[in-house]
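Asker: Have a look at the structure that comes next, please.
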């Protein structure tokens, strides 16, 4: 835990230099990694359930939400193994089923296959 005097001095210096500063409580998983891993996992679940093709899932998200990448392309960018590791750690710590990795993600991460690959 960072001492309050150090935290406050760092905050003031960064804010004075024009950097945006936010205080985040200590918790497993970084905020951004945690959110992105969940988004990727939801996309993988949708592909697993064959709700749409991986490409159509990504297209719907980029067009509908104005995201720069769809969840599966984002997972490929981050690396399926990295996303799987984040979710495994969160699931192990919290024991919350929402962090359980999708079988689609698990298989592709272990095989080194793109999340955008359609099974034949």
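Asker: What do you reckon, is residue 14 in a helix (DSSP H, G or I), free of Cβ contacts under 8 Å to residues at least 60 places away in the same chain and surrounded by fewer than 15 Cβ atoms within 10 Å (Cβ to Cβ)?
Answerer: For residue 14, the condition - in a helix (DSSP H, G or I), free of Cβ contacts under 8 Å to residues at least 60 places away in the same chain and surrounded by fewer than 15 Cβ atoms within 10 Å (Cβ to Cβ) - is met.
Asker: With respect to residue 74, determine if the residue is on the phi < 0 side of the Ramachandran plot, surrounded by 11 or more Cβ atoms within 10 Å (Cβ to Cβ) and at pLDDT below 95.
Answerer: Spelling it out, it is not the case that residue 74 is on the phi < 0 side of the Ramachandran plot, surrounded by 11 or more Cβ atoms within 10 Å (Cβ to Cβ) and at pLDDT below 95.
Asker: Scan segment 103-115 and tell me whether some residue there is surrounded by fewer than 11 Cβ atoms within 10 Å (Cβ to Cβ), in a helix (DSSP H, G or I) and modelled with pLDDT of 95 or more.
Answerer: Yes, segment 103-115 has at least one match.
Asker: Taking the criterion of being within 28 Å of residue 22 (Cβ to Cβ) and surrounded by 14 or more Cβ atoms within 10 Å (Cβ to Cβ), would at least one residue in segment 43-55 satisfy it?
Answerer: yes
The values are calculated or read from the model by the stated rules, or taken from the named source; none is laboratory data. Nothing here was measured: the structure is a model prediction, and the numbers come from that model. Note that each Cβ is placed from the backbone with ideal geometry, even for glycine, and that neighbours are counted across all protein chains shown.
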